[in-house]
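Below: the structure, in structure tokens.
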Amino acid sequence: MFFRISTDGLETPVSLTGAYSGATRTSCWIVGGGPSLRQLPCDQIAASPAPKFCVNLAGHGLLRPTFWTAYDPTTRFQRSTYLDGSILKLLPRGRAMDVVPGTTVKVCDSPNTVFFDRDKTIGFRDFLGGEFRGVTDWQDSLIQAIDIAYRLGFRVLYLAGCEMHVRPCQDWVELSQQFGVNYQPRELLRDFQQRCLQQQVPIQQLDPEKQTQQYHFEESKPLAAAIQTDLHYFRVAQYLRLSRKAMTLAGLELISVTPDSRLNDYFRYEPVALVLSRIQSEIGNPANEPTRGLYTEQVLRTPEGLGPMRDFKPHNWSRDSAPAKPAPFPRTREQRLSRVANAVREIPVSIREDG
């Protein structure tokens, strides 16, 4: 599923599927680049004992990711992300031989970087289905991050900075009201623009770079591009709505912590404070955990009131019945050819001399 690639093209499998699962459902923050991220307590999110999975430029200047993925070209992203060995970077195969911006280093030589194949055949019914398939390719980095997080073993995803819509700036909203046009929360930016044009709202007098609220970091697109981005966000929100049954069957829960997100119409919304409290109750609060006596006192540290526990083997189970370990992956060309040759089934052939 996941693999490393060297600069000569050699691939080495990396076992990451289910690596972050646990005895209970593990959780992860999915961080988008929406402007609302600046209104969330990012310092508390960063300090919480749950990993942060950032998408594209999301989180820049506010928090560092634990995991990172991107759908767009390599040149759009930061050198410090690619070269930071503390970040696990998960990227499509086609990015391996790109050059890290501002360096002469190939992406495949960046520390802590693995790759995957994309799969364009996945639909809503089989979303998240099958560890031997590629990552879902619906031409969107958020979908890609959700699929990867699931394969890593996470089953509760908290979506922060994921408005899934582009909002007009407040000056535009107030200007349009003077002409009898009221912006409807989360409506398509294209529809709002068309209504403004019909009423001859002088949008052109607004600063072109400040007509819309697009990201929490310093970047903006022209209005025409922002309208297309908003349409893309709308489409992705509908993709996720239509995939809810598949996610339920797969045991994945999406929870939005983004106020005024289009996803809030289809998925549960919870305030960040509630989510932080839950994560700390499930995992622990590193800031408040005591250390006094841990090295010097022999204290049985089990939950109060816990009943007896004892480990048993499965009924009729023995080490002899355990599945055999798979053969190691062949690293050289000769080893791979030998494995293929040994796997070919022998077919007996008889020669008839009588013609």
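Nothing in this text is a laboratory measurement; each read-out follows from the coordinates by a stated rule. The structure displayed is predicted, hence computed values, not measured ones. With ideal geometry, Cβ positions are generated from the backbone for all residues, glycine too; neighbour counts draw on all protein chains shown.
Taking trypsin sites (Lys or Arg not before Pro) across the stretch 7-89, the ones in a DSSP loop with at most 15 further Cβ atoms lying within 10 angstrom of their Cβ are Arg25.
Sort the stretch 167-213 into rounded, prolate or oblate with this rule: let a ≥ b ≥ c be the square roots of the eigenvalues of the Cα gyration tensor; rounded if a/c is under 1.5, and if a/c is not under 1.5, prolate when a/b is larger than b/c, oblate otherwise. The shape class here is rounded.
Positive-end ranking of Met247, Leu231, Gln198 along the dipole of the stretch 183-278, with charges on Cβ about the Cα centre, is headed by Met247. Putting +1 on Lys and Arg Cβ atoms and -1 on Asp and Glu Cβ atoms, find which of Gly18, Ser80, Ala47 reaches farthest to the positive end of the dipole of the stretch 1-85. Of the candidates, Ala47 comes out farthest on the positive side.
Computed from point charges on the beta carbon alone (+1 for Lys and Arg, -1 for Asp and Glu), the dipole magnitude for the chain about its Cα centre is near 720 Debye. Among Ala250, Ala224, Ala47, which one shows the biggest mean-square fluctuation in a GNM of the chain, springs joining Cα atoms closer than 10 Å? Of Ala250, Ala224, Ala47, the most mobile in the Gaussian network model is Ala224. Taking chymotrypsin sites (Phe, Trp or Tyr not before Pro) across the stretch 108-163, the ones in a DSSP loop with at most 13 further Cβ atoms lying within 10 angstrom of their Cβ are Phe132. One entry in [x] 45; [y] 33; [z] 41 is percent of Cα pairs over 34 Å apart calculated from the shown coordinates; its label is [z]. Summary value for the chain: 18 percent relative contact order, contacts being C-alpha pairs under 8 angstrom separated by 6+ residues.
The phi torsions of the stretch 246-261, fed into the Karplus equation with coefficients 6.51, -1.76 and 1.60 and a -60° offset, translate into couplings of 4, 5, 5, 5, 7, x, 9, 10, 9, 10, 8, 10, 9, x, 6, 8 Hz, rounded to whole numbers, with Gly and Pro shown as x. Where only DSSP H runs of four or more residues are counted, the chain gives -7500 deg cm²/dmol as its mean residue ellipticity at 222 nm, each run worth -39500 (n - 2.57). The lysine pair count for the chain, using Cα distances under 28 Å and pairs eight or more places apart or on different chains, is 13. For the stretch 198-203, the Karplus equation 6.51 cos²θ - 1.76 cosθ + 1.60, evaluated at θ = phi - 60°, returns couplings of 5, 9, 6, 6, x, 4 Hz by residue, with Gly and Pro reported as x.
Remark: His315, His216 ranked as His315, His216, counting other beta-carbon atoms within 10 Å and listing the fewest first.
Shown is the FRET efficiency for Gln204 and Phe132, computed with R0 = 35 Å from the Cβ-Cβ distance and rounded to the nearest 0.05: 0.05. In this Cβ point-charge picture (+1 for Lys and Arg, -1 for Asp and Glu), the stretch 167-213 has a dipole of about 160 debye about its Cα centre.
Count the DSSP beta bridges whose two residues both fall in the chain, then state the antiparallel fraction as a percent rounded to the nearest 5. Approximately 25 percent, going by the DSSP bridge assignments. Picking from Gln194, Gln238, Gln204, which is most flexible by a Gaussian network model of the chain using Cα springs under 10 Å? Checking each option, the largest mean-square fluctuation is seen for Gln204.
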